[in-house]
1. Looking only at the stretch 20-53, which residues are β-branched (Val, Ile, Thr) and more than 15 Å from the chain's Cα centre (by Cα)?
2. For the stretch 105-215, which fully contained helices (runs of 4 or more DSSP H) count at least 1 residues that are among the β-branched types (Val, Ile, Thr), touching a residue at least 12 places away in the same chain (Cβ under 8 Å) and over 19 Å from GLY89 (Cβ atoms)?
3. Among the residues of the stretch 188-197 satisfying the criterion of being crowded, with 18+ Cβ neighbours inside 10 Å and either of a type outside the set (A, V, I, L, M, F, W, C) or in contact with a Gly (Cβ under 9 Å, 6 or more places away or on another chain) (or both), which is nearest to ASN148 (Cα to Cα)?
4. Output the number of the condition that THR87 fails; it satisfies all remaining conditions of (1) farther than 26 Å from ILE43 by Cβ; (2) surrounded by 13 or more Cβ atoms within 10 Å (Cβ to Cβ).
5. What's the number of the only condition in (1) without any contact (Cβ under 8 Å) to a residue 12 or more places away in the chain; (2) in a loop (DSSP other than H, G, I, E, B); (3) over 20 Å from HIS60 (Cβ atoms) that LYS93 fails to meet?
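Read the figures in this text as sums done on the coordinates, not as results from a lab. The structure displayed is predicted, hence computed values, not measured ones. Glycine also receives a Cβ, built like all others from the backbone with ideal geometry; neighbour counts cover every protein chain displayed.
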Amino acid sequence: MVLKILTNFFKRIFSEMFKGKTNISIGFYGPPNAGKTSLANRICKDWTGEEIGTVSRVPHETRKVQFREKVDIKYKENQLTFKLVDTPGIATKIDYEDFMKFKMKKKEAQSRAKEATQGIIESIKWLDDVDAVVVVVDSTENPYSQVNVTIIGNLVARKIPVLIVANKIDSRKSDIKKCEDAFPEYDVVGISAKYGTNMEEFYESLFKLAKKVKK
């Protein structure tokens, strides 16, 4: 009886916290090929049965903001509705010659570089429309990159709640500790978006992130 009363109490408190905020907009940001779209696909596949976009080993596969409205996510006894916003990878420099390394012709590479640049601008503009951000970093790379620092700095300046996801923990090169040390003031969750590893902890952290959203 006491357990039931407590359960109902916490349900009511949780509901009050999100009163008036029926659709929480979550942006996925990070450098190219960190796994933003892979994670967004994993979430959408888990809760809607459909993916949000395509992935590729070629950088800047996602060059336009893509989103999925009203994704109902459940964690334990709680449920929230999210709008998932998958953004193009942020980069400090885009050189069309880098795309030619993937056997692209010059004209195609130049076109991709132009689209990727436009995608970065669009990503930054979307910061005005998201309630919170999941920053996806590659746990096999140096987390102290200029791109990661720039992204975090922008989010801090805008006072946007942040969750950091260290992706690719399936790799032997993965170093979660390094990611945690790089961003000690934030929650860091290690996952493999490709294999769905540790998604339970991710969803728990996502709900904690949602609690930080201002009503």
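1. If we filter the stretch 20-53 for residues that are β-branched (Val, Ile, Thr), which is where we start, we get 22, 24, 26, 37, 43, 48, 52.
Correct list: THR22, THR48.
2. Values: elements: 106-125, 146-158, 176-182, 199-211.
So the answer is 176-182.
3. Going residue by residue through the stretch 188-197, those that are crowded, with 18+ Cβ neighbours inside 10 Å are 188-193.
From what is left, the residues that are either of a type outside the set (A, V, I, L, M, F, W, C) or in contact with a Gly (Cβ under 9 Å, 6 or more places away or on another chain) (or both) are 190-193.
Numbers: GLY190: 16, ILE191: 18, SER192: 19, ALA193: 19 Å.
Here the answer is GLY190.
4. (1)
5. Among (1) without any contact (Cβ under 8 Å) to a residue 12 or more places away in the chain; (2) in a loop (DSSP other than H, G, I, E, B); (3) over 20 Å from HIS60 (Cβ atoms), LYS93 violates only (3).
Residue by residue, here is whether (1) among the aliphatic types (A, V, I, L, M); (2) under 19 Å from TYR195 (Cα atoms); (3) surrounded by 22 or more Cβ atoms within 10 Å (Cβ to Cβ) holds:
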| residue | (1), (2), (3) |
| --- | --- |
| PHE28 | no, yes, yes |
| ALA34 | yes, yes, yes |
| THR37 | no, yes, yes |
| ALA40 | yes, yes, yes |
| ASP46 | no, yes, no |
| GLY53 | no, yes, no |
| VAL58 | yes, no, no |
| GLU61 | no, no, no |
| VAL65 | yes, no, no |
